[in-house]
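The structure appears right after this line, and notes come after that.
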Amino acid sequence: MKIKENILELKDDIKKYSPNPEKVLLLPTTKYVDALGVLEVVKAGCKVVGENRVQALEEKREILNSLGEKDIKWHFIGNLQKNKVKYIAPYIDMIHSVNKISLAKEIDKRAKQNNRRIDVLLEVNISNEESKEGYSIKRLYEELPDLLKLENINICGLMTMAPFTYEEEDIRKVFSDLLKLKDQLNKRYFNGKLVELSMGMTNDYKIALFEGATILRVGSKIFK
Ligand SMILES: *Cc1c(COP(=O)(O)O)cnc(C)c1O
């Protein structure tokens, strides 16, 4: 079974490249497969998975629930539209893509309606690419005071996507800058509460591990 082998290889790499392997979550990004594909990674030991579209997530979750797989944890990693938050708010384990105050407020409101607190990450556009979603550092600092007022979201880390480049040093810089930003924010605002760094995908996960990633969002390497 190839999926299982790929996961084992990734787990070996986590031990090899991360300074804190026990803190790293391998998050299979299951957008490439249907519910049965999700089931395969669950059987291979990954019970937390990431989806980037609400409708696909809901469909797969429903099928897996009907198969009796009720303890899978779902992370939302894609661009999230405000009007879709209500669908996932009752159960989503973490949302990686909070990139504006209006979205954060909507998540907060829906979490409250469901009597829960939702773990979220702030998505940062470290490389400042125009085409990219995510906070610029400037806007992040502007909105932070308001973000911190929201009681039903738990901001527990940062997320970023590396630039589309083959220059390893450019990628490395983006990841190490995210780590530095996390440390700064912890000192000034979070008192050590920011622990997660969601960074690293199929093409750059080894670099991300080296730079302190705690959540790897990997799809192609597992499923293709
Ligand atoms: C698809 C996707 C990934 C995984 O990308 P691969 O290169 O296939 O590993 C990670 N993060 C997000 C937000 C994605 O949409």
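Values computed for the structure shown
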quantity	calculated
Accessible surface ranking that places the most exposed of Asp204, Asp93 first, with a 1.4 angstrom probe	Asp93, Asp204
Residue-normalised accessible area of segment 75-224, expressed per residue, 1.4 Å probe, Å²	48
Amide H contacts under 5 Å for Ile118, placed H, 5+ residues apart	Ile153, Asn154
Environment charge at Asn125 (Cβ cut-off 10 Å; Lys +1, Arg +1, Asp -1, Glu -1)	-2
Low-density loop positions, chymotrypsin sites (Phe, Trp or Tyr not before Pro), segment 98-204 - DSSP coil, at most 14 other Cβ in 10 Å	Phe164, Tyr166
Label point distance in nm, Asn65-Glu133, each placed 7 Å from Cα along Cα→Cβ	2.3
Helical contribution to [θ] at 222 nm, DSSP H n ≥ 4, -39,500 (n - 2.57), averaged over the chain, rounded to 500	-12500 deg cm²/dmol
Rounded FRET efficiency, nearest 0.05, which uses the C-beta distance separating Arg172 from Leu36 and R0 of 41 Å	0.65
Gly157 long-range amide H proximity, modeled H, under 5 Å	Leu122, Val195, Glu196
Using θ = phi - 60° and Karplus 6.51 cos²θ - 1.76 cosθ + 1.60, couplings along segment 14-29 (whole Hz; Gly, Pro as x)	4, 5, 6, 9, 8, x, 9, x, 6, 9, 9, 9, 8, 10, x, 9
Accessible area, probe 1.4 Å, largest first, for residues Glu196, Glu62, Glu133	Glu62, Glu133, Glu196
Tensor-based shape of segment 26-126 (alpha-carbon gyration tensor, a/c under 1.5 rounded, otherwise prolate or oblate)	prolate
Sparse-neighbour loop sites [trypsin sites (Lys or Arg not before Pro); segment 1-72; at most 14 other C-beta within 10 Å; DSSP]	Lys47, Lys70
R0 of 30 Å, Cβ-Cβ distance Lys149-Val195: FRET efficiency to nearest 0.05	0.90
Amide hydrogen neighbours beyond the local backbone of Ala162, cut-off 5 Å, H modeled	Gly200
Carbon/sulfur fraction of accessible area - the chain, other protein chains in place, 1.4 Å, %	48
Long-range Cα-Cα pairs in segment 71-120 (distance over 12 Å), rounded percent	58
Per-residue SASA entry for Ile3, accessible area with 1.4 Å probe, Å² rounded to 10	20
Relative contact order (%) - criterion: Cα under 8 Å, at least six apart; region: the chain	21
Equivalent ellipsoid semi-axes - Cα gyration tensor, the chain, angstrom	26, 23, 15
Cα gyration tensor shape of segment 67-168, rounded if a/c is under 1.5, else prolate or oblate by comparing a/b with b/c	oblate
Accessible surface ranking that places the most exposed of Arg217, Arg188 first, with a 1.4 angstrom probe	Arg188, Arg217
Calculated from backbone phi, Karplus (6.51, -1.76, 1.60) coupling profile of segment 73-78 in Hz, x at Gly/Pro	9, 10, 9, 9, 10, x
Segment 132-149 and segment 151-224: distance between their alpha carbon centers, rounded to Å	17
Per-residue ³J(HN,Hα) for segment 113-121, Karplus 6.51 cos²θ - 1.76 cosθ + 1.60, θ = phi - 60°, Hz, x for Gly and Pro	4, 9, 6, 9, 10, 9, 6, 9, 10
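The values are calculated or read from the model by the stated rules, or taken from the named source; none is laboratory data. Note that the coordinates shown come from a computational prediction; the quantities given were computed from them, not determined experimentally. As a convention, Cβ positions derive from the backbone with ideal geometry for all residues, glycine included, and neighbour counts pool all protein chains shown. To get the accessible areas, we keep the full protein, side chains included, count just its heavy atoms, and leave off ligands, DNA and RNA. Shrake-Rupley method; radii C 1.70, N 1.55, O 1.52, S 1.80 Å.
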